[in-house]
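S.K.: Provided herewith is a single structure, encoded as structure tokens, for subsequent inquiry.
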Amino acid sequence: MTTKAEFLARIRSEMQKRRGPFAASTAPRPARPREAVALIRREMAERCPETLARFRAEFERVGGVFHRAASLAEVPHLVAGIAREREAHRLVAWHATALGGDLAPALTARGLDVLPMPPGELADAGERQALRARIAQADLGLTGVDLAIAETGTLVVRSGAGRPRSTSLLPPCHVAVFDRSTLVESLAQASVFLEAWHEAAAPVAGAVISFITGPSRTADIELTLTRGVHGPKEVHAVFVESEVHG
């Protein structure tokens, strides 16, 4: 059995192996965030191929699985393939207005049991609890993406009407659909979007903004890396060549 002294000595030893904290400073807040967002979008239109390539490399580095689709109409075929490989049948999806299109009929035609999210907040507490229970029993969660950060391979997803965060959090497999309009190069650029969302105070912003960098991981128990404890075991990103939202 490890004694307290041995345990603390081990911690000190491991801490000595780490480099000291890097120098950091607070980034200036943009005076006109919406104008800054428009400038970033123009820059990304010119640098999309290399930004997407970097996103894919970083996303796969953290354990994500990358796919491409020519249009949103091809997404059900890809999702059905992912489900078939895992013998999965139950899928929960953002509402069509939040996802960019109604994929439920095509997914159902491919043998999936699809539960689309309601367009707004459910008023009855019992209905909300029942919906969360059904989401927790799903095999796959299908969502859109608000930002895809190339620097870290991170998906940024906002909760809101028709897009509860449980859709990406509770099912063991998360499939996220995005297009070139969501691509940014860095966390610094992503922060400008956060400022613009805050300034607009849009209802879609919701209560939570999730930064998803690969599958859920934890090493809390005996430093053993385990997937899927605090979220999905798998995260798939489907890049749609044509813009999802037009």
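S.K.: Cut-off 10 angstrom, C-alpha nodes, Gaussian network model of the chain. Which of LEU122, LEU103, LEU52 fluctuates the most?
M.R.: Of LEU122, LEU103, LEU52, the most mobile in the Gaussian network model is LEU122.
S.K.: Using r as the Cβ-Cβ distance of SER186 and SER13, and R0 as 22 Å, what FRET efficiency do you calculate, to the nearest 0.05?
M.R.: Step by step, r from the Cβ atoms, then E = 0.05.
S.K.: Next question. For the chain, modelled as a Gaussian network with Cα springs under 10 Å, which listed residue fluctuates most, GLN129, GLN16, GLN137?
M.R.: With Cα springs under 10 Å in the chain, the top fluctuation among GLN129, GLN16, GLN137 is at GLN16.
S.K.: What distance in nm separates the simple spin-label points at ALA161 and GLU60, each placed 7 Å from Cα in the Cβ direction?
M.R.: Reported label-point gap for ALA161 and GLU60 is 4.0 nm.
S.K.: Please turn the phi angles of the range 86-95 into ³J(HN,Hα) values with the Karplus equation 6.51 cos²θ - 1.76 cosθ + 1.60 (θ = phi - 60°), one per residue in order, whole Hz, x for glycine and proline.
M.R.: Once θ is set to phi - 60°, the couplings for the range 86-95 become 9, 6, 9, 10, 9, 10, 10, 9, 3, 4 Hz.
S.K.: To continue, here is another question. Amide H of LEU147 versus every other amide H placed in the peptide plane: which residues, excluding those fewer than 5 positions away on the same chain, fall under 5 Å?
M.R.: When sequence neighbours closer than 5 places are left aside, the close amide H contacts are VAL156.
S.K.: Quick check: pseudo-label points 7 Å beyond the Cα along Cα→Cβ at GLU43 and SER242, how many nm apart are they?
M.R.: Each label point is offset 7 Å from its Cα along the Cβ direction, giving 3.0 nm.
S.K.: Between ALA69 and residues 5 or more places away or on another chain, which pairs have amide H atoms under 5 Å apart, with H built 1.01 Å from N, and which residues are they?
M.R.: The list, which skips near neighbours in sequence, is PHE239, VAL240, GLU241.
S.K.: Restricting to DSSP H runs of at least four residues, report the calculated mean residue ellipticity at 222 nm for the chain, -39500 (n - 2.57) per run over all residues, nearest 500 deg cm²/dmol.
M.R.: Result for the chain, helices only: -11500 deg cm²/dmol.
S.K.: Give me the number: length gained by fully extending THR108 to ARG84, i.e. 0.36 nm times residue separation minus the C-alpha to C-alpha distance, one decimal in nm.
M.R.: Here the segment from THR108 to ARG84 would lengthen by 7.3 nm.
S.K.: Label points 7 Å out from Cα along the Cβ direction at ALA23 and GLU50: separation in nm?
M.R.: For ALA23 paired with GLU50, the spin-label model returns 2.7 nm.
S.K.: Can you tell me which of SER25, SER210, SER166 moves the most in a GNM of the chain? Springs connect C-alpha atoms under 10 Å apart.
M.R.: So, out of SER25, SER210, SER166, the one fluctuating most is SER25.
FYI, it's all coordinate maths here, none of it is from the lab. The structure presented is a predicted model; accordingly, all values stated were derived computationally and were not measured. Using ideal geometry, Cβ is built from the backbone for each residue, glycine included, and neighbour counts are taken over all protein chains shown.
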